[in-house]
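Only one structure is covered here, and it is reproduced in the block below.
The values are calculated or read from the model by the stated rules, or taken from the named source; none is laboratory data. Given the structure is predicted, the values throughout are model-derived calculations rather than measurements. Virtual Cβ from ideal backbone geometry, glycine too; neighbours counted across all protein chains shown. Ligands, DNA and RNA are stripped out before the accessible areas are found, and what is left, the full protein with its side chains, is counted by its heavy atoms. Shrake-Rupley method; radii C 1.70, N 1.55, O 1.52, S 1.80 Å.
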Amino acid sequence: MENGHLERGIKLRQLLMIALGGTIGTGLFVGTGGNIANAGPLGTLIAYMVGGVIVYAIILSLGELASVYPTTGSFGDYASRFIGPATGYMVFWMYWVGWVITVAVEYIAVGLLMQRWFPHVPVYYFVMGCIVLIFLLNAFSVKIFAEGEFFLASIKVFAVFIFIILGVVGIVYQIHLHGFSSVWANFYMVHANPKLGLETGFFPKGAMGVFGVILAVIFAYTGTEIVGVAAGEATNPSVAMPKAIKATLWRIVFFFLGSVIVISVFLPMTDSSIAQSPFVATLERIPLPFVGTGIPYAADVMNFVIITAILSTANSGVYASSRMVYGLAQKKMFPPIFAKLNKRGTPVYAMYLSMGFTLLGMLTQAYAPEKIIESLINIISFSVIIVWISVSVAQYNFRKQFVASGKSLDDLPYRAPFLPLIQLVGISGSLVGIVGAYMDPEQRIGAYLTIGYTLLCYLGYYLTKGKWGA
């Protein structure tokens, strides 16, 4: 083992697929149904559009920073440079803990999904298989990680694309059979349902229902920002980042909004299956010419797709969390052993630490009370919001320093547009998500835990400051 430099082995096509497929996971495949059930189809579309604007503003800021400073420390490094080292330390650990919890959840989810086909095989067998697979994809070379992520992301991107195409065909056929009114029927609750707390209208649970799903939508978009981490090991980040940003915009518009529209047309929000497997239930109800109603083997196909999506998320999570630990060690804010690389340029000790804490997270999933588990999952969204806010603040401060130094904005490899509007959108939008979540009593524990963790990170910085040479 030796100290050195991370290998720039992520190719443009791989970075584009990481950007395109980074957020397509359980938040879209499973969470979309719950969002529609809580906010209604129109409310969910609005929430996804608002969330899309927020995340795109963040990605624009991140693109400018990453094109100038393409480091795997990414958010933590930018916060250290342009906000303060204590905040940078906090951001490193905030992003790290979000991914550690995410990967723990995803491992268990794969095990449960595999039991559809192998009901008599214990869940932990599949969990161990996932751990081995993700370890092999991350341990040897960033090229192996990137190629594995390209393959896994390609499957889910292709699946969502086909889902939307089939949905469009089904919508046209539905109009042909029953007229335009049949397409919009599910968007408006005609009859109130007191047992479900629904009211007649486009927003069956009122405006608060829309407000309440903002945090869930942010969770669905989590992973978009990982392209900033991957830029640190991309072959030509100043060229690749602008292209990855464009891919992010198209993903938001096409994949998320398109999926919500298709599901909403064919699946009423009061249907019990919408909160379980909305993609499967929709595929089973789409009317197609010459085929009839329903896609054969839809449940099995989507089960496979969701498993690959979860594996992709876990793969990205181990990669991102290990790079956060590596970034801390590189900045001498953590023991130097975690900055050591193997012969192929992988920070294996940082990876071991992250995977070890993921196993602890799995034990929490297995033995902790359900409310604690839900709160830990909420921490994922809250932690990402804090990271996003730090990106906006860091880029604003960077631009001020850059201009004050007498340099021309034309010298930037990528210049984010609409300053300071994008910072205002990114920061205020993220704060709206926090407020909306706090107004939900079930999510407040997660907020309190996140605040406590934030304070602990700052305390950790001051207690260890200078201990490892910083």
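Let me confirm something: among LEU42, LEU65, which residue is of a type outside the set (Ser, Thr, Tyr) and open to solvent by 10 Å² or more (accessible area, probe 1.4 Å)?
Selected residue: LEU42, the only one of LEU42, LEU65 that is of a type outside the set (Ser, Thr, Tyr) and open to solvent by 10 Å² or more (accessible area, probe 1.4 Å).
For residues in region 361-401 being among the basic types (Lys, Arg) and surrounded by fewer than 20 Cβ atoms within 10 Å (Cβ to Cβ), which is modelled with the highest pLDDT?
Among those residues, the one meeting the criterion is LYS400.
Considering region 443-470 alone, what residues qualify as being open to solvent by 70 Å² or more (accessible area, probe 1.4 Å) and part of a helix (DSSP H, G or I)?
ARG444, ILE445, TYR448, LEU449, ILE451, LEU455, LEU456, LEU459, TYR462, LEU463
Inside region 328-359, can you point out the residues that are under 23 Å from the mean Cα position of the chain (by Cα) and of a type in the set (A, V, I, L, M)?
Hits for region 328-359 are LEU328, ALA350, MET351, LEU353, MET355, LEU359.
For PHE211, only one of the following conditions fails: (1) in contact with a Leu (Cβ under 7 Å, 6 or more places away or on another chain); (2) open to solvent by 10 Å² or more (accessible area, probe 1.4 Å); (3) of a type outside the set (Ser, Thr, Tyr). What is its number?
Among (1) in contact with a Leu (Cβ under 7 Å, 6 or more places away or on another chain); (2) open to solvent by 10 Å² or more (accessible area, probe 1.4 Å); (3) of a type outside the set (Ser, Thr, Tyr), the lone unmet condition for PHE211 is (1).
I need every pair where a residue in region 441-463 that is without any contact (Cβ under 8 Å) to a residue 24 or more places away in the chain and over 16 Å from TRP96 (Cα atoms) has its Cβ under 7 Å from the Cβ of a residue that is part of a helix (DSSP H, G or I) and open to solvent by 50 Å² or more (accessible area, probe 1.4 Å), sequence separation at least 6 or different chains.
ARG444/TYR438
What is the one condition in (1) of a type outside the set (Gly, Ala, Ser); (2) in contact with a helix residue (DSSP H, G or I) (Cβ under 9 Å, 6 or more places away or on another chain); (3) farther than 29 Å from GLY98 by Cβ that VAL291 does not satisfy?
Unmet condition: (2).
Does PHE187 satisfy the condition of being among the aromatic types (Phe, Trp, Tyr) and either under 24 Å from THR224 (Cβ atoms) or open to solvent by 30 Å² or more (accessible area, probe 1.4 Å) (or both)?
In short, no.
Which pairs turn up if I take residues in region 122-147 that are among the basic types (Lys, Arg) and look for partners that are open to solvent by less than 40 Å² (accessible area, probe 1.4 Å) with beta carbon separation below 9 Å, at least 6 apart in sequence or on another chain?
Pairs found: LYS143/GLY9; LYS143/ILE10; LYS143/GLN14.
Where residues in region 230-250 are of a type in the set (Val, Ile, Thr) and in a helix (DSSP H, G or I), which of them is surrounded by the most Cβ atoms within 10 Å (Cβ to Cβ)?
THR248
Please enumerate the residues belonging to region 112-152 that are open to solvent by 40 Å² or more (accessible area, probe 1.4 Å), within 22 Å of THR346 (Cβ to Cβ) and not in a helix (DSSP H, G or I).
Passing the criteria: only PHE140.
Can you run down the residue pairs with Cβ atoms below 6 Å, 6 or more apart or on separate chains, where the first is in region 381-402 and more than 28 Å from ILE445 (Cα to Cα) and the partner is assigned to a helix (DSSP H, G or I) and polar (S, T, N, Q)?
GLN395/SER61; TYR396/GLN423
Residue-by-condition table, conditions (1) β-branched (Val, Ile, Thr); (2) open to solvent by 10 Å² or more (accessible area, probe 1.4 Å); (3) over 30 Å from VAL127 (Cβ atoms):
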site	(1), (2), (3)
SER277	no, yes, no
ARG285	no, yes, yes
ALA298	no, no, no
ILE306	yes, yes, no
ALA309	no, no, no
GLY317	no, no, no
MET324	no, no, no
LYS332	no, yes, yes
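I'm checking my understanding of the structure. Among residues of region 68-94 that are at pLDDT below 95 and hydroxyl-bearing (Ser, Thr, Tyr), which one is surrounded by the fewest Cβ atoms within 10 Å (Cβ to Cβ)?
TYR69
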